[in-house]
Each structure stands twice: as structure tokens, then as C-alpha cells.
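Notes for the one structure printed next.
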Amino acid sequence: MKRYFTVRGGAGDVSKPDLNAKPQDNLYLAVNSEWLSKAEIPADKTSAGVNSELDQKIEDRVMKDFADIAAGKEKMPEIKDFDKAVILYKIAKDFAKRDAEKANPIQKDLQKLISLNNFNDFKQKAADLFMGPYALPFVFDVDADMKNTDVNVLHFGGPSTFLPDTTTYQTADAKQLLDTLQDQSINLLTMSGIGKSEARVYVESALAFDQKLAKVVKSTEEWSDYAAIYNPVTYADFIKKFKSFDMADFMDSILPVKPDRIIVMEPRFLNHAEELLNEGNFAEIKGWMLVKYINSVAKLLSQDFREAAFPFGQAVTGTPQLPSQIKQAYRLANGAFDEVVGIFYGQKYFGAKAKKDVEDMIQRMLKVYEERINANKWLSAETKKKAVIKLKALVLKIGYPDKIEEIFDLLQVDPKKSLYENEAAMSTVRTKYMLNKLTKPVDRSVWLMPGNLNNACYDPQRNDLTFPAGILQAPFYDINQSRGANYGGIGATIGHEVSHAFDNSGAKFDEHGNMNNWWTDKDFAEFNKRVGQMVDIFDGLQYGPAKINGKQVVGENIADLAGLACVVQTGENDGADLKDLFENYARSWMQKQRPEAIKTEVQTDVPAPQPTRVNIPVQCQNAFYDVFNVKPTDGMWPKCIIFYGKLNK
């Protein structure tokens, strides 16, 4: 039976409510329009919806805990390093002290940049600057070797640009955004004690250098090809790319050991490194570093600085007002000690009974995945066998970690010092810790997400799944709601993350997390053909003021589609109410966004916007048509495209 799209994603516009919408025409609008018609986006937020409401619920809970602990109303948790988070929170919320300090805390570090006299001076001091709270015009990181994930290797790439993505420079908004950044940066520098004319020169130089960077660093679409960051270059060949800048001396100064090779994440940037890092560009480099610095540290100073640093972010996201002072204090403490706070949250708010139930759901879904892989009609027996091996090797991380990563023991907070001084000192500790991983094996027990985060992930280099306690609550999951609703919520999320092990990026990594082509050439060619179909389905899809880039979001869309197919089959096996499943799936993506936030998300994010992720995956499930009696004349009548299992056409 062939089904063809009447409208991609159903009839109607998912960015606007339609109280008369029927599930047969637009499932997302039928489920969510009543909420959409009444919802208001908080003044300090870019969006409202299921995820933002859950984020706020988590934040409200832990903010109250922090306030009570700081005031002595609640006992300090017996969790290592949690007391440091509370001390930082107290420092951050003391705005009387922050306002009195004005720009004084940053003067010493600011002068390090202002005092740079020439390119030779920059070369000599670059290593010291790299270890401090500054952004340099290149990036180093240490992470697992994609082809041997037991060992850590050095990675190199370009810096982030001022605008959210390289594609943003080609939009009609670019000039207005850059003008806003220019005015903001001049103001911040003058507030820091720099003369206005001098500040203007710095900022104009910074913008000129940023334009050069924007032509060579990767776009979000390019970054979405995860395996493409693996470009090993020998130490000698890497050093040869830098003639004006003494990269060998720089690396000797910062690294604990000399590497044999470097993984170049951005070959194009490396090939243009000499054009960027040279004496002729010194004034632009200095200005660029100053603008990056002052805009990043302003939030750590007085309320006047916070407000002065807000216009550019406001223009990018459309957020009308700053978060409150107490929210900022909590967010800074949570950000610095996220894993520690996540363990506290998981222990207090996530139960053992719920964890066991979620584990049971995951195991049921993994069994269905295995069945679907074995029933696949277009994969060879050889590829299917290796896929099942990878599936069975998946490591589950549910709730929160059992141990705290060493970095949190190393971080220190001094109540006698300013907020900025503490944050700057911790930044240096983190950089040293990152570089020292070159001398250590990969720690596979490390979690990529803290326990209080409303999110989930698959890590291809560890072949593990992480489901923090933050997402394991209603509407995604509640031990007291129907099994169908739980499958439509957290079940679809579980299926989504498992699918990442086999999407266009995950398919390139084996059961150990090593980049290793375990597909036959014929199978991978057929897979890529189907990837192309998914690109075509989403490419150019209109959502509010923006059009989706199908290539950029294809990995997440594959995971949505395959994950939903798996959870529907698991729900059928488990006797779940599929109407509950589909409706809660639609509800779990409910969102209302500011137009500016939509444009920024479409330019910079690899998932498609949440409302667009409902109808197309649902249109590809045969069970949906049976449950809701969808007919060829209805708006949700499409052509099925499924990657794995019995529904392939």
C-alpha cells in the first residue's frame, strides 16, 4: 500500500494554534492548540512549552534547595563538593558587593590584553593567555581518539564567531546584529575604563577579524557530520602550517607531553591559519580577543554590566528581559558544579522504583530493536549481525552517576574573592585538567549530562545512553501515568537515543565506540540513499519565519523516525493504548517560540524545531492511520519511509 504526502508535516502551520484541528489533519495542532492559544512566553525566556516548563520545575526545586541550604534552613547534603557550589551561590547573589566592585575585579586580566604591544608580544604571552579566562583565535581540546577510544588525543579547531553561525552572516539580520554587538562592546569597554575612541578602534578591528574567521570556520551543517572532525595530522606537518605564529613553542608551554599527531577538526581553518595568525593581523586579533573577553565576563560583574551586556543576546534570541539576580546566582553555581548538583537532585527527587521501571522499558525496547534489525529486508546478514552486537554492547546510564568526576575535587571557591576571580581561577583549573587528560586513559564512567538536566544523549565514542533524572518525570515519564503515555514520552526519547547508534553518524562507530566501518559497501550506499530521502522530506520546511536545512537536521530526524517506529511496536507488544502513545508523543514536543529564537535555532541547532518533529515521524507509522482512522483525503496522509524493520517498502 503506497501513501503519499498531501502536505509535509500535515495540513496547517504548527507555529500557530488551530482549535478546530483534527488528529487526522494535524496531530500536533489537535493535541496542543488549546495550550498554544493561551500560552505566554516568560519575559526572561526565548520559548515556552513542555521542555521549558519542565526545565523551570527543576530549576525552581533546586533554587529553593539552594536558598534554604544557604540560609541554614536545610542541612548541607552529604555530597562531596556540594558545599563549594553553595559558597559560589552566596558570592554570586551578593549584588551589593558586586555593584560596589564595578569593573575592579577584571582590571588585572583586562590589562594583560591591553598591554599587548605587537605580534611578537602576543606570541610570547599566548600560552599564558590560553590558560587564563580568554578566547584565543584557535581552539585545543582533549578527547578520545575516534579510532581507539581507550586513549585521549589532542584536537584542534577554529574559534566561534560573534554571530551564532557562519550562515547568519548571509542573512538580512546580520548587519543589525553586528551593529548591536558593536555598540554593546564599545559601551562595555568604556565602562571598564578604556577611552571611547580607543574602544571603537578595538571593536572595529575585532569585527574585521571576525569576518575573516567566518569565511573559514565550519557552519553548523558542517559540524553535524560528526565523523568529519577526525583528520589526523602528524606533529611535524601540523607545525608547518604556522609560519608567523610559533605553534611549536606554544604547544611545548601548555602540553604535559608532546603529541605524535593532532586530530584536526577543521582542516579548512588549519589551511588558512597563516593568513589569520600573522603580524599584519595583530591589531585585529587583539581587538577580537578584547571583544570576546569583555562580553563573556560582563555577566560576572555588577548589575550595570549585566544590563549593558544584554542587548546583543536579546537581539539574537528575542528575550525581553534579563533573568533575575537570584536566578543568575543559582545558574552560575549549577553551571560550575553541574555534576555535583545533578547527584543531589537525583538522590532527592528520583526513586529506585522509577529507575527499575525505566530500565524495564529500555530492555523491552532493545529487544524490539533487535527484532527489527533481524527482520530488515535491505541490510545484509553480515551488517545485521554487527548491528546486533553493537546494540547488545550499549551501556545504560540512568538517573545520576555513582561517583563524582575528579575535576570537581580540584575546583576551589574562595569566599574572600570576587565572583569574577573565582570563575577565572576555575577556568584555569578546567583548562589544565583538560590538557592533563593527554597522559591518562579515557574514563568511560564519565557522564556527558548532569542528573538534573531535562535531556538525554547517545555518545558514539563510548556507545552509551544517558537518561538523567531530570527528564524522567511527567509528561515524559510518570510511574502512575498510562504505559502508552510513558511510551509516547520517555519511550520515544529512549528509541530516539538508541537510534543514534545507527544514524548517519552513529553508523560509522562500532560497539567499542571506535570509528570503524562495519557496514558492507552495498548496505551503506542503500542507507545513504535513505538518508537523502530524509533530507528531502525536511529540507525547506517552513516553520514560522525560517526554513529548515534538511542536511543539518538529518541525524536527529532519522533518530526521531526510527525511535518512534520502535516504541510503537514495543507499545503494541506491551498492550499499551496507542492513542495515549501518539497523543503524549505530540504533547512532549509542545512549544511556543519567539521569532528571533526560531531563526537562531534553525541556523545553529542540529535538531529541527520541536513542533516540526511530531507530524512527519507520525506520518510514517502505519499504526497511526489505524488508531485515528486516517483517510487519503486527510492532511496526515503521507508516504511511509522507515529505516529499520518490517515497515520498509
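Details
- With a simple spin-label model that places each label point 7 Å from the Cα along the Cα-to-Cβ direction, the separation between residue 396 and residue 102 comes to 5.9 nm.
- Under 5 Å, built H, 5+ apart or other chain: amide partners of residue 151: 145, 442
- Built amide H within the under 5 Å cut-off of residue 467, gap 5+: 397, 398, 399
- Per-residue SASA entry for residue 421, accessible area with 1.4 Å probe, Å² rounded to 10: 80
- Working note: Karplus 6.51/-1.76/1.60 with θ = phi - 60° gives segment 493-510 the couplings 5, 4, x, 4, 5, 4, 4, 4, 5, 10, 7, 5, 9, x, 5, 8, 10, 8 Hz, where Gly and Pro are set to x.
- Charge dipole of the chain (Cα centre as origin; +1 on each Lys and Arg Cβ, -1 on each Asp and Glu Cβ, all else neutral): 580 debye, rounded to the nearest 20.
- Accessible-area ranking of 543, 349, 134, largest first, probe 1.4 Å: 349, 134, 543
- The chain, relative contact order in percent, only Cα pairs under 8 angstrom and at least six apart counted: 24
- Per-pair calculated FRET efficiency, R0 = 56 Å: residue 626 and residue 406 via Cβ, rounded to 0.05: 0.60
- Loop-located trypsin sites (Lys or Arg not before Pro) in segment 374-418 (DSSP state other than H, G, I, E, B) with a sparse environment of at most 10 neighbouring Cβ atoms within 10 Å: 377, 416.
- If R0 is taken as 41 Å, the Cβ-Cβ distance between residue 236 and residue 388 corresponds to a FRET efficiency of 0.45.
- Each label was represented as a point 7 Å from its Cα along the Cα-to-Cβ direction; for residue 274 and residue 118 these points are 2.1 nm apart.
- With every protein chain in place, the chain: carbon and sulfur % of accessible area (1.4 Å): 50
- Crossing angle, helix 282-297 versus the chain [Cα axis fit, 0-90 degrees, rounded to tens]: 60
- Helix-only CD estimate at 222 nm, as mean residue ellipticity for the chain, using -39500 (n - 2.57) per DSSP H run (n ≥ 4): -15500 deg cm²/dmol
- Built amide H within the under 5 Å cut-off of residue 15, gap 5+: 544
- For segment 193-199, the Karplus equation 6.51 cos²θ - 1.76 cosθ + 1.60, evaluated at θ = phi - 60°, returns couplings of x, 8, x, 5, 5, 5, 4 Hz by residue, with Gly and Pro reported as x.
- Sorting 291, 606 on solvent-accessible area from highest to lowest, probe radius 1.4 Å, gives 606, 291.
- Rolling a 1.4 Å probe over the protein heavy atoms leaves residue 167 with an accessible area of roughly 60 Å².
- The angle between the Cα long axis of helix 595-604 and the main principal axis of the chain comes to about 90°, on a 0 to 90 degree scale.
- Karplus-derived HN-Hα couplings along segment 48-64 (A = 6.51, B = -1.76, C = 1.60, θ = phi - 60°), whole Hz, x at Gly and Pro: 9, x, 4, 5, 5, 5, 5, 4, 5, 4, 5, 5, 4, 4, 6, 4, 5
- For segment 485-580, size of Cβ-based charge dipole, Lys and Arg +1, Asp and Glu -1, in debye: 380
- In Å², nearest 10: area of residue 402 left accessible to a 1.4 Å probe: 150
- Here each label is just a point 7 Å from Cα along the line to Cβ, and for residue 416 and residue 19 those points are 6.4 nm apart.
- Largest accessible area first, the residues 356, 286 order themselves as 356, 286 under a 1.4 Å probe with ligands, DNA and RNA left out.
- In the context of the full set of protein chains, the chain has a per residue accessible area of 41 Å² (1.4 Å probe).
- Segment residue 37-residue 429, length gained on full extension (0.36 nm per residue, minus Cα span): 136.3 nm
- To the nearest ten degrees, helix 338-349 and the longest principal axis of the Cα atoms of the chain are 40 degrees apart.
The values are calculated or read from the model by the stated rules, or taken from the named source; none is laboratory data. Not measured: the values here are computed from a predicted model. Neighbour counts run over all protein chains shown; Cβ positions are idealised from the backbone, glycine included. Note: areas computed on protein heavy atoms with side chains; ligands, DNA, RNA excluded. Shrake-Rupley method; radii C 1.70, N 1.55, O 1.52, S 1.80 Å.
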